[in-house]
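The values are calculated or read from the model by the stated rules, or taken from the named source; none is laboratory data. Just so you know, these numbers come straight off a predicted model, no measurement behind them. Reconstructed Cβ throughout: ideal geometry from the backbone, glycine too, with neighbour counts over all protein chains shown.
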């Protein structure tokens, strides 16, 4: 008996059902998204799911999470910044995505360093934080700081991934300070049983400084002021502030406003460093005073210029110029003690050359100094005008022609002329020489 033929319409119907069934299986679902992560055509399907308007935000976030896991984070950012994506949809997807990324990124123990997958998820969190706003961004920042301090491994995490720890902290700023300080505080409080103690790592100190928070700066100054079982901690703490506020030039730069509440303490540290001949403490303290900016820097640097130490004196006046520019010329010149001697070469190298380097704006304060009660300040005004003034300044300089005060120490102690100590010029003589020079200017 012959078998009945299968009708063509039945074959087409069967194929259609199979195709529809197969298509139904390929619709975005959590199970399919997990499957697509390891399939050849998966990246395209995941991108389609992420960009599918009207799809459940959690499914779209899951697709983005999967793309990050297969090293397609850049495509995720492009999709989430696409012009056709509404702000509401973006916010809903991000709210789900950051939690998923954190689950992939967070460290699970205190022993092992992060895996490549954990680092990728952390990098994606940082990359996408700019798209979040308000509480959403605060949530991302909290996750990132938890990652950096997780397991006490901050010293190892700073260089991991595309976005290193220092960049993350500089970008987050003050919000990162509390957890970083807590981590350092726990280490600094180690009881030191005489056998061993835990050292607060340099990278953790730098991380605290990079937050720029006044409280964080104060915490590091606390460490610099006190003695510890780790006798390097004070130097390393103020060194971290120096690196962050003075040396670092990578954006985003840390705002120097965090230094200003601690200006009196930097002055005290500078004095202490000078007193104990401890340059590793004094030098950063002077630099940080200058970095605090005007007008906060001027008064403490004027006070430091009055110290008996000539090292402190010249450091103070130079930092005053660096901090205040032309506005620092008068107070720094007035700060130089009148009961000392000043050699021409020293004044030029450590003060007058630095004034001229400030720029043309120093001519005005130099004119002001001509009327000073301090002979050192008048001498500074004369010399600076001789270099940056114009012919119009000659008349004012000639008014000082009868100034009888001698420029004490002008030639140095060893200078002689025909076997006798070389006579020191008066300020009047120096003023006339400056006037003659300016009058010859074209």
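Go through 340, 327 for me and flag whichever is touching a residue at least 60 places away in the same chain (Cβ under 8 Å), touching a helix residue (DSSP H, G or I) at 6+ places or on another chain (Cβ under 9 Å) and over 16 Å from residue 268 (Cα atoms). Can you show your working first?
Working: 327 fails: touching a residue at least 60 places away in the same chain (Cβ under 8 Å).
Only one candidate qualifies: 340.
Of the residues that sit in the range 253-272 and are assigned to a helix (DSSP H, G or I) and within 16 Å of residue 240 (Cβ to Cβ), which one is nearest to the chain's Cα centre (by Cα)? Working first, answer last.
As a first pass, look at the range 253-272 and keep what is assigned to a helix (DSSP H, G or I): 256-272.
This time we only want the ones that are within 16 Å of residue 240 (Cβ to Cβ), so: 256, 258-259, 262, 265-266, 269.
Numbers: 256: 9, 258: 11, 259: 12, 262: 17, 265: 20, 266: 18, 269: 21 Å.
For the range 253-272, the residue satisfying everything is 256.
For residue 133, only one of the following conditions fails: (1) at pLDDT below 90; (2) not in a helix (DSSP H, G or I). What is its number?
Unmet condition: (1).
Could you check the range 343-363 and list, in sequence order, the residues that are out of contact with any helix residue (DSSP H, G or I) (no Cβ under 6 Å at 6 or more places or on another chain), loosely packed, with under 15 Cβ neighbours inside 10 Å and either farther than 23 Å from residue 411 by Cβ or in contact (Cβ under 8 Å) with a residue 40 or more places away in the chain (or both)?
Passing the criteria: 345, 357, 359, 360.
Do you know which residues across the range 384-399 are under 12 Å from residue 433 (Cα atoms) and surrounded by 23 or more Cβ atoms within 10 Å (Cβ to Cβ)?
385, 397
What helices (runs of 4 or more DSSP H) completely inside the range 357-442 contain at least 1 residues that are closer than 18 Å to residue 317 by Cβ and in contact with a strand residue (DSSP E or B) (Cβ under 9 Å, 6 or more places away or on another chain)?
375-388
Identify the residue in the range 152-174 that is closer than 15 Å to residue 184 by Cβ and part of a helix (DSSP H, G or I) and, among all such residues, is modelled with the highest pLDDT.
169
Check residue 280 against each of (1) in a helix (DSSP H, G or I); (2) closer than 20 Å to residue 180 by Cβ; (3) at pLDDT below 95 and name the one condition it does not meet.
(2)
Looking at (1) more than 20 Å from residue 162 (Cα to Cα); (2) in a loop (DSSP other than H, G, I, E, B); (3) in contact (Cβ under 8 Å) with a residue 40 or more places away in the chain, which is the only condition residue 91 fails?
Evaluating residue 91 over (1) more than 20 Å from residue 162 (Cα to Cα); (2) in a loop (DSSP other than H, G, I, E, B); (3) in contact (Cβ under 8 Å) with a residue 40 or more places away in the chain leaves (2) as the failure.
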